[in-house]
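The values are calculated or read from the model by the stated rules, or taken from the named source; none is laboratory data. In this text, all values refer to a predicted model and were calculated from it rather than measured experimentally. Glycine also receives a Cβ, built like all others from the backbone with ideal geometry; neighbour counts cover every protein chain displayed. Ligands, DNA and RNA are excluded from the accessible area calculation, which covers all protein heavy atoms including side chains. Shrake-Rupley method; radii C 1.70, N 1.55, O 1.52, S 1.80 Å.
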Amino acid sequence: MKKNFVEELKWRGMLAQIMPGTEELLQKEMVTAYLGTDPTADSLHIGHLCGIMMLRHLQRCGHKPIILVGGATGMIGDPSGKSQERNLLDADTLYHNQECIKKQVAKFLDFNAEGPNKAEMVNNYDWMKDFSFLDFAREVGKHITVNYMMAKDSVQQRLNGTARDGLSFTEFTYQLLQGYDFLHLYKTKGCKLQLGGNDQWGNMTTGTELIRRKLGQEAEAFALTCPLITKADGKKFGKTESGNVWLDPQRTTPYAFYQFWLNVSDDDAERYIKIFTSLDKETIDALVEEHRVDPGRRLLQRRLAEEVTVMVHSREALDMAIEASNILFGKSTKESLLKIDEQTLLDVFDGVPHFTLDASLLGQPAVELFTRDDVKVFASKGEMRKLIQGGGVSLNKEKLNAPDRVVTADDLIDGKYLLVQRGKKNYYLITVK
């Protein structure tokens, strides 16, 4: 017996709004459902993950997921939740972004499944590129009134908001274009359900309305949304001081990705482990119970970080992220340091003091280099000698046994870094140029 998709979303806290009749349809037959994403970047970020997880659960419950990349709508921009119009992208950039997104989504959905519910990816540019404006006005525009479109919250917020530029006609037509996507997929793929974030509810119901007005009241079309995920303090989820947390390891290293999940609050960890993993209810309930007994062990955060990192990256990436974490917080060796790539090294030591050293100074004793005014790791040569004598100084995770030990180019990590450790917790990263 396949799981009930709506029930699955409910206990996970992933259901916001649902049109009447949706659950009955899902229990009656295998349903084809789609979720749209704009290819405005060549990577998804974790703000997209709730929607992608909805598609993952949908497929696991025996239904067919379609991910729609908005090549056409991405050229326009969606007013929902935005205070200003988007930059428009050219066709080459959109195609590149689409291919990158498909590789990422393939980690969540089975595009090679045997049977009718294998995942598909479509691009609305394919059916919009040859659609003339006159044909669109006649085929689509005449079925939806301006009054209906004006009543949508996304439109009202932009018209009554603080945006100086108001709402362009281009953006105003967005809900018609998204509505037509649903109509096209309904006719060509038998797609009866659209999934999305709660800010898309207005656009999604325009699609169901267009299908009924074009094909008759008996046409079954439904919409279901997930809530917009926030942190426990009400702030936007997925944003850090350095910006979005991306799924692409070139944009956000697996170490930084892992650390993001590891550092969420207890309240957020309880919600996020239901939303962003495929763990079943029994497993999660047991983890929550165990975590509450001893929150200091951060069991929930660790399991959440592990599950999401493996799903988005790989088991090897998780191992590397944990090893990188141990460099700063646990026992590790020079080998561990040499294994990690440059960006991960910089991420690991992001919060520690940084110094720059001229490469011509290499070849001098450590006690000369690390007590300079511009590389003030130690207050004085006497302090450094005393600490070395007590075994409290390391260079690149190896104990420094003599203050006169010469530092050479062979000591450089990635050809340009030196890591000095004073005591157990004080690190200093030196860039040699």
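Laid out as a table, the results:
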read-out	value
Listed pairs LYS64/LYS189; LYS28/LYS187; LYS3/LYS118; LYS129/LYS152; LYS64/LYS103 exceeding 22 Å between Cα atoms	LYS129/LYS152
Of MET384, LEU279, LEU304, farthest towards positive along the dipole that unit charges on Lys, Arg, Asp, Glu beta carbons give the stretch 266-412	MET384
Sparse-neighbour loop sites [GluC sites (Glu not before Pro); the stretch 91-154; at most 10 other C-beta within 10 Å; DSSP]	GLU114
Cα lying deepest toward the dipole's positive end in the chain, options THR408, ILE144, PHE169, charges on Cβ	THR408
Gap separating the Cα centres of the stretch 240-284 and the stretch 364-433, nearest whole Å	35 Å
Gaussian network model of the chain, springs between alpha carbon atoms under 10 Å - residue of THR22, THR37, THR371 with greatest fluctuation	THR371
Amide H partners (placed H, <5 Å) of LEU357, local residues excluded	THR431, VAL432, LYS433
Value of relative contact order over the chain, rounded to a whole percent, pairs C-alpha under 8 Å and six or more apart	14 percent
Surface share of carbon and sulfur [accessible, 1.4 angstrom probe, percent] for the chain	48 percent
Computed Rg/Rh of the stretch 162-272, alpha carbon atoms with Kirkwood Rh	1.11
Per-peptide average of other Cβ atoms within 10 Å, ordering 50-56, 375-381, 183-189, 330-336 highest first	50-56, 183-189, 375-381, 330-336
Stretch gain in nm, segment ASP350-SER314, where the contour uses 0.36 nm per residue and the Cα spacing is subtracted	10.6 nm
Kirkwood Rh, Cα atoms: Rg over Rh of the chain	1.08
FRET efficiency estimate (nearest 0.05) - Cβ-Cβ, ASP267 to ARG212, R0 51 angstrom	0.80
Amide H contacts of VAL31 (H built 1.01 Å from N, under 5 Å, at least 5 apart or other chain)	LYS64
Under Karplus coefficients 6.51, -1.76 and 1.60, residue-wise ³J(HN,Hα) of the stretch 344-355 in Hz, glycine/proline x	5, 4, 5, 5, 4, 9, 4, x, 9, x, 10, 10
Sites matching GluC sites (Glu not before Pro) across the stretch 206-290 that sit in DSSP coil, with at most 11 neighbouring C-beta atoms within 10 Å	GLU218, GLU241
